[in-house]
């Protein structure tokens, strides 16, 4: 197997929670040596966030933390202490990337701002991830995943017209997406640093990443410029096109969009060629009463089949469709199993658990699990003694002083 | 001042709709020369419109993310004025090739020979039928990086499944995890998170591969399933299933990690107009007046701040809201109190009042709100571009800035075949006579051929 693409890349990871750790996880999984710095005592707040293995809220059993920190080495360090700051500066000499997600202004107060660190390492790529960025009137505002999506994303268009707008899926997909964007930007900057010999500083705002996202937001912003129209929530059940949208099945739900040129696939799926004569084109379909008449045939058909059967019959006939898969369906889906997407990872405290795997695969650029997420302070000795040359006695003193 | 990171990298983009083109956009934004290869004989439905020469009455019914530019609508230029396309097409070049014709494939292969990256997101059968598989293209250019990023990836039983973004979301579990807790899932609106995740990961994968190539000198094939790259964003739900066997359901707007959280209605606004679009389910014109704010209260400290901001109302002192666990238990009732207060204020007002007390809050911004947002303006997010068919407008800009590599949008959304001359003559060194011939044979042009295939409505 080829060497991992990022096996020569070293990262100092001063991030916590979700976006920052997801950014560095993407690097670690493709080979980077990521040194994750946590606060002594409590560690990354993600250790206190669920889901927990067997619902036991133990700092080494957070599924979220375990997922976000694979392949990283973990140390504890108190960045408020002078020794802590000095040790960061020592580590910065030898890394390619530093990622931090403190509230804006904190890194300057710690004396670990880019201007200072750049002098130590001119090729350093430093990525700062924050809710609103390092500048601008909202710089110091607090946010949550919901708030970032509401401000940046296309939330106003999700949901029913008479009800409240809705967020994306349960969990924090918007924070993952922001961390993913930070990884993309950091990778682009690293490539530039490598080919041009000049480092870079990135101001990554999660709000701005959402506002520039292709998931409808950019199109809608352009549509407003073109047509002066804002986006609204639409009850999609009111559409006159059919079949279009989410439909029930015997054991759940599935979704189909077989309109226009896809329409013949539906008659094939239902084995009812007469439908094509009855409604030959979209103009016939949008006539009053047509949809109701079709639904009277179609909905009972849906209820006679499981969501899996509906999708398989639809796909066989060439219709655009898919199930509303639950997490259980996803894990059982032969496709993702066959592709080896799921990855079983062994961890000293929780043992073997299945995790989501590689977002993309290449033989010449393997994705690999070399180690599970670190226990709190697991690599203190390895890093501080072997790399920075501290003695074990000095580690004891640093521990007593609350530095590590 | 340093060059843009990807200057000197040439990318061929052969991609429909969104995820692939979004990956291309991210590469183009940071300096790559991204050339879209399009085919005048294949009308890409949803990519450049809803059908070949969409009639005006239908175009006027489009809305939101799938709208055409309506003022001055012309059937002939509609494919250059479709917002799904114009959202990703800035900073790119476009050329046309008749790919059903061996000469078109030959031109395509000549372009592959002098490119660094071949980005494609078609169903696998498309590249197979055209002979543009990895096995074929690696022979032409051993330094080539090929990223194939169809919905389901290049292998596996669903490899050839037909799906739009909506259906990919379904396979990847995201649709099931959304929606109102107390409504039927048939009401759930479509999102395109697989396009977002796929596009970001596509650009990440390509740049990582360029980095690897700078060490090994070798190109590579990257296999990405948009659905998989997006599933990685749902780790909490997935890990709860694999660790505890629990199936996560939609929680509406509630926080997975136990904060008090919701979207609350604010004072109505003046009204923004939306015309009817019956095909989309908008039967009559709408005056949009609703306005909303999101609030998250994570801990006791934020709760205290929230109470202060509201002037310590009596209801907030109720035993039911005395600690975080009680507040979670009585979330529904708490929501009613919160909304009573937010209804009296503008969404922006709520944000400022609460943020002052250290409580996370922010408006649900529509497009008009975004363009007038002082923060986005202060950060110079929107940029003005002039497009030959659509006119001069502000466009959403770069997601991120670099301090040493200043950057801005360089080119407006690309029109079909706009750079044929550059691509054929400068890059492929085609002579003037040959160019004229290719034009006559239909390879080269700036519109779709009248007989172009590709379904539609």
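Laboratory data are not the source of any read-out in this text; all were calculated from the coordinates shown. Predicted model, so just to flag it, every value in this text is computed and none were measured. Cβ sites come from the backbone with ideal geometry, for glycine too, and all protein chains shown count toward neighbours.
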Geometric extent, Cα atoms of chain B - Rg, Dmax (angstrom) = 25.2, 86
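If each residue's Cβ is checked for other Cβ atoms within 10 Å, how do A:130, A:205 rank with the fewest at the top?
Going from least to most buried by this count: A:130, A:205.
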Hey, rough spin-label estimate for residue A:123 and residue B:425, points 7 angstrom out along Cα→Cβ, what's it come to in nanometres?
-> 4.3
Counting alpha carbon pairs within less than 8 Å and at least 6 residues apart, what relative contact order, in whole percent, applies to segment B:260-364?
-> 37
With a ≥ b ≥ c the root eigenvalues of the C-alpha gyration tensor of segment B:1-138, is it rounded (a/c under 1.5), prolate (a/b larger than b/c) or oblate?
-> oblate
Using 0.36 nm per residue of separation minus the Cα-Cα distance, give me the extension gain between residue B:407 and residue B:314 in nm, one decimal.
-> 28.2 nm
Report the label-to-label distance for residue A:272 and residue A:369 in nanometres (one decimal), using points 7 Å from each Cα along the Cα→Cβ vector.
-> 4.7
Length gained, residue B:346-residue B:432, 0.36 nm per residue minus C-alpha separation, equals 24.7 nm
What shape does segment A:1-118 have by the C-alpha gyration tensor, where a ≥ b ≥ c are the square roots of the eigenvalues, rounded means a/c under 1.5, and otherwise prolate means a/b greater than b/c and oblate the rest?
-> oblate
For residue B:285 and residue B:215, calculate 0.36 nm times their separation in residues minus their Cα-Cα distance, and state this gained length in nm to one decimal.
-> 19.3 nm
Rounded, prolate or oblate: which one fits segment A:200-254, using the alpha carbon gyration tensor with axes a ≥ b ≥ c (rounded when a/c is under 1.5, else prolate when a/b beats b/c, else oblate)?
-> oblate
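Quick check of the Kirkwood formula: for the protein assembly as shown, what is the inverse mean of 1/r over all pairs of different Cα atoms, in Å?
The Cα-based Kirkwood calculation yields 27.7 Å.
Okay, helix-only estimate at 222 nm for the protein assembly as shown: each DSSP H run of n ≥ 4 adds -39500 (n - 2.57), divide by all residues, round to 500 deg cm²/dmol; what do you get? Let's see the in-between values first.
On the way: 34 runs with 299 residues, N = 861.
One gets -9500 deg cm²/dmol as the mean residue ellipticity at 222 nm.
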Does anyone have the angle between helix B:300-309 and the longest principal axis of chain B? Alpha-carbon axes, 0 to 90°, nearest 10?
-> 80
Quick one: Cα centre-to-centre distance for segment A:1-68 and segment A:98-126, in angstrom?
-> 20
Which angle between 0 and 90 degrees, to the nearest 10, do you get for helix B:331-342 versus the longest principal axis of chain B when only C-alpha atoms count?
-> 90
per DSSP, antiparallel bridges as share of beta bridges in segment B:1-130, % nearest 5, sits at 5
Among A:308, B:127, B:336, rank each residue by its count of other Cβ atoms within 10 Å, from fewest to most, as a rough exposure measure.
-> B:336, A:308, B:127
Taking a crude spin-label model, label points 7 Å out from Cα along the C-beta direction, the residue B:57 to residue B:76 distance in nm is 2.3
Calculated FRET efficiency, residue A:297 and residue A:344, Cβ-Cβ r, R0 41 Å, to nearest 0.05?
-> 0.35
Sites residue A:228 and residue B:268, calculated FRET efficiency, Cβ-Cβ separation with R0 22 Å, nearest 0.05 = 0.65
Nearest-ten-degree value, helix B:102-113 long axis tilted from longest Cα axis of chain B = 70
Using alpha carbon centers only, segment B:208-239 is separated from segment A:252-327 by a whole-angstrom value of 35
One would report the antiparallel percent of DSSP beta bridges in the protein assembly as shown, rounded to the nearest 5, as 45
Segment B:26-99 versus segment B:154-190: alpha-carbon centroid distance in Å | 25
